[in-house]
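FYI, it's all coordinate maths here, none of it is from the lab. As the structure is a computational prediction, the values presented were derived from the model and not from experiment. All Cβ positions, even for glycine, are placed from backbone atoms using ideal geometry, and neighbour counts span all protein chains on display.
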Amino acid sequence: MKRPLPSLEDSLRILRTTHTKRMPKAPPPVKKQVQPLLKSLQTRFEQMDDGTGKLKNRWTEIVGESLSKLCEPVRIIKGRAASNKLGAGPATGGALELRVANSTHATLILHHAPTLIDRINLFLGSKTVERLRIIQGPLAVHSKAPPIARPKPLSAQEELGLQQSLSDVEDEKVRKSLLLLGRSILKRHNMKTP
């Protein structure tokens, strides 16, 4: 059985009394929600990656002091597996992405590329890196701790004066302990006064 359509007055009354809800706003994409978490995890676990973190930690030792000031490793791009008729072959070596401060440094790095690749492969393993990919950008500032000041040994006069001042101590263990303490105090005093 068919229902009759409402009249014009009934339609207006229904529309005035019935309130519809607005469509809810779409949530932001998942990528935007997760991106801050991923960035924090990336910085936290960067040391456990494919080798880039290891390279960053020991970069100065691998390439030398002068080249480490000109460039820094960014990431290792894995090589693709070679395809043939029988299926996928062994993976080829990847590329190491290096960041340099300016283009003049890039030409110097390219000049030293074979040596750098050999040193990097010696550190990471054979044929890990086959080529370098250079990008230009600001280098991260590495703050190096100042070298630790080593205390100078005591002069013969200071040592003799210390031993003479402790000659009247009878207990051998106490005398040795006081000698060690006196030496450390005198060394510390010598470090403060240039």
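Antiparallel versus total DSSP beta bridges in the chain: what percent is that, nearest 5?
Beta bridges within the chain, antiparallel portion: roughly 55 percent.
Here the label points at LEU38 and SER103, each 7 Å from Cα along the C-beta direction, are separated by 3.3 nm in the simple model. Per-residue ellipticity at 222 nm from helix content only, as computed over the chain with -39500 (n - 2.57) for each DSSP H run of at least four residues, stands at -14000 deg cm²/dmol.
The convex hull built on the alpha-carbon positions of the chain has an orientation-averaged projected area of 35.3 nm². Sorting GLU61, GLU172 by the number of Cβ atoms found within 10 Å of their own Cβ, with the fewest placed first, yields GLU172, GLU61. Shown for LEU98, LEU162, LEU38: other C-beta atoms within 10 Å of each C-beta, ranked fewest to most, produce the order LEU38, LEU162, LEU98. Output the pairs from LYS32/LYS54; LYS78/LYS127; LYS31/LYS78; LYS54/LYS78; LYS56/LYS127; LYS31/LYS56 with a Cα-Cα distance over 22 Å in this structure; if there are none, say none. Cα-Cα > 22 Å for LYS32/LYS54; LYS31/LYS78; LYS31/LYS56; rest within.
Assign unit charges at the C-beta atoms only (+1 for Lys and Arg, -1 for Asp and Glu), then state the dipole size of the chain relative to its Cα centre in Debye, rounded to the nearest 20. The dipole magnitude comes to about 1500 debye.
Scanning residues 5 or more positions from ILE134 or on other chains, those with amide H under 5 Å from its amide H are LEU98, with H placed 1.01 Å from N in the peptide plane.
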